[in-house]
Each structure stands twice: as structure tokens, then as C-alpha cells.
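Reviewing the structure listed below.
The values are calculated or read from the model by the stated rules, or taken from the named source; none is laboratory data. These numbers come from a predicted model, not from an experiment. Positions of Cβ are backbone-derived with ideal geometry, glycine not excepted, and every protein chain shown enters the neighbour counts.
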């Protein structure tokens, strides 16, 4: 099973990352970042604790811990697996981005990448990597 297909298990830490298809930009202006973060709050905050994140023009990195599954229910009360919440985020953002910039097709590479963080040293390494990822800070923030 590839790292992009591993299930997201409760109480585990994961490095979630992806980039624009063909290295295209995911974020073109400050409003794009703000919209993505609003969707992130809607789709991911209920199912994961976020410890670090970085949004770069053509890629992103997240360090999350998946929460207990009691909060994974959709509006009809059916349980959705955690990876579906991430897929919903990426799909919602892609639709809005495509509409805004009059484009069509995939925005993100698929499937999104995820790596299980299975020890403290790796957790520290990923945390530092995410915080140091922007070599040149984005001028919007």
C-alpha cells in the first residue's frame, strides 16, 4: 500500500501534503489562502487537531492528529472516514478556484499524500520541516 493510500487512523499523527497538478499554483492571491483556510476549518477542524501548516503558492503541508471518530458524522448521521473530509476540502476548494479563474479539471495531484508519523523524532522532524518550508516568505502575510 502506498503512503498516499494508508488509512487515517484516530489518535495518529500524519504529514498531509500535496501540490498543484503539473506544479500549477494553488493560490494566486490572498483571498485564495483565506478561502482555503475557511474550508479547512469547516472540513478538517471537526476531525483533526492541527499542529503545523504551511500554504505555499503551489503546494501545502499539514501536520495533524486525527481525533476520536465520534465526531466524524455527516449531516445524515452516517460516519465518513477521515480521508473523505480531506477529499471534500480539496474538491470544494478546486471547484471555487476553477470558477474564480475560469479553468476546469483537476487542481491537486491525486491522491493527496499522507505519511504516518510513528515516532517522536519523526514528529519533531516534520514540525521543523513545515515551519522552515517557506524559504522566501509569502508576501501576502
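Take residue 121 and tell me if it is under 20 Å from residue 62 (Cα atoms) and in a strand (DSSP E or B).
Details: under 20 Å from residue 62 (Cα atoms): yes; in a strand (DSSP E or B): no.
So residue 121 fails the test.
Given the structure, is residue 104 within 14 Å of residue 64 (Cβ to Cβ) and either outside any helix (DSSP H, G or I) or touching a helix residue (DSSP H, G or I) at 6+ places or on another chain (Cβ under 6 Å) (or both)? Write out each step before concluding.
Details: within 14 Å of residue 64 (Cβ to Cβ): no; either outside any helix (DSSP H, G or I) or touching a helix residue (DSSP H, G or I) at 6+ places or on another chain (Cβ under 6 Å) (or both): yes.
When the stated conditions are applied, residue 104 does not pass them.
Yes or no: residue 62 part of a loop (DSSP other than H, G, I, E, B), surrounded by 14 or more Cβ atoms within 10 Å (Cβ to Cβ) and at pLDDT 95 or above? Outline the logic, then answer.
Details: part of a loop (DSSP other than H, G, I, E, B): no; surrounded by 14 or more Cβ atoms within 10 Å (Cβ to Cβ): yes; at pLDDT 95 or above: yes.
When the stated conditions are applied, residue 62 does not pass them.
Within the range 120-141, work out how many residues are surrounded by 10 or more Cβ atoms within 10 Å (Cβ to Cβ) and either modelled with pLDDT of 90 or more or farther than 11 Å from residue 54 by Cα (or both). Explain how you work it out, then say what you get.
Here is the first cut: in the range 120-141, the residues surrounded by 10 or more Cβ atoms within 10 Å (Cβ to Cβ) are 122-131, 133-134, 138, 140.
Within this subset, residues satisfying the condition of being either modelled with pLDDT of 90 or more or farther than 11 Å from residue 54 by Cα (or both) are 122-131, 140.
Counting residues in the range 120-141 that are surrounded by 10 or more Cβ atoms within 10 Å (Cβ to Cβ) and either modelled with pLDDT of 90 or more or farther than 11 Å from residue 54 by Cα (or both) gives 11.
Among the residues of the range 75-102, which ones are farther than 25 Å from residue 116 by Cα and at pLDDT below 95?
75, 76, 77, 78
Confirm whether residue 33 is in contact with a strand residue (DSSP E or B) (Cβ under 8 Å, 6 or more places away or on another chain), under 15 Å from residue 115 (Cβ atoms) and at pLDDT 95 or above. So that I can check it myself, show each step before the final result.
Values: in contact with a strand residue (DSSP E or B) (Cβ under 8 Å, 6 or more places away or on another chain): yes; under 15 Å from residue 115 (Cβ atoms): no; at pLDDT 95 or above: yes.
The answer is no for residue 33.
Identify all residues within the range 36-56 that are touching a helix residue (DSSP H, G or I) at 6+ places or on another chain (Cβ under 9 Å) and either over 21 Å from residue 117 (Cα atoms) or in a helix (DSSP H, G or I) (or both); write none if there are none.
Restricting attention to the range 36-56, the residues satisfying the condition of being touching a helix residue (DSSP H, G or I) at 6+ places or on another chain (Cβ under 9 Å) are 36, 39-40, 42-44, 46-48, 50-55.
Of everything in the range 36-56, those that are touching a helix residue (DSSP H, G or I) at 6+ places or on another chain (Cβ under 9 Å) and either over 21 Å from residue 117 (Cα atoms) or in a helix (DSSP H, G or I) (or both) turn out to be 36, 39, 40, 42, 43.
Take the range 11-26 and flag every residue that is free of Cβ contacts under 8 Å to residues at least 60 places away in the same chain and in a loop (DSSP other than H, G, I, E, B).
Taking the range 11-26 first, the residues free of Cβ contacts under 8 Å to residues at least 60 places away in the same chain are 11, 22-23, 25.
Of everything in the range 11-26, those that are free of Cβ contacts under 8 Å to residues at least 60 places away in the same chain and in a loop (DSSP other than H, G, I, E, B) turn out to be 11, 25.
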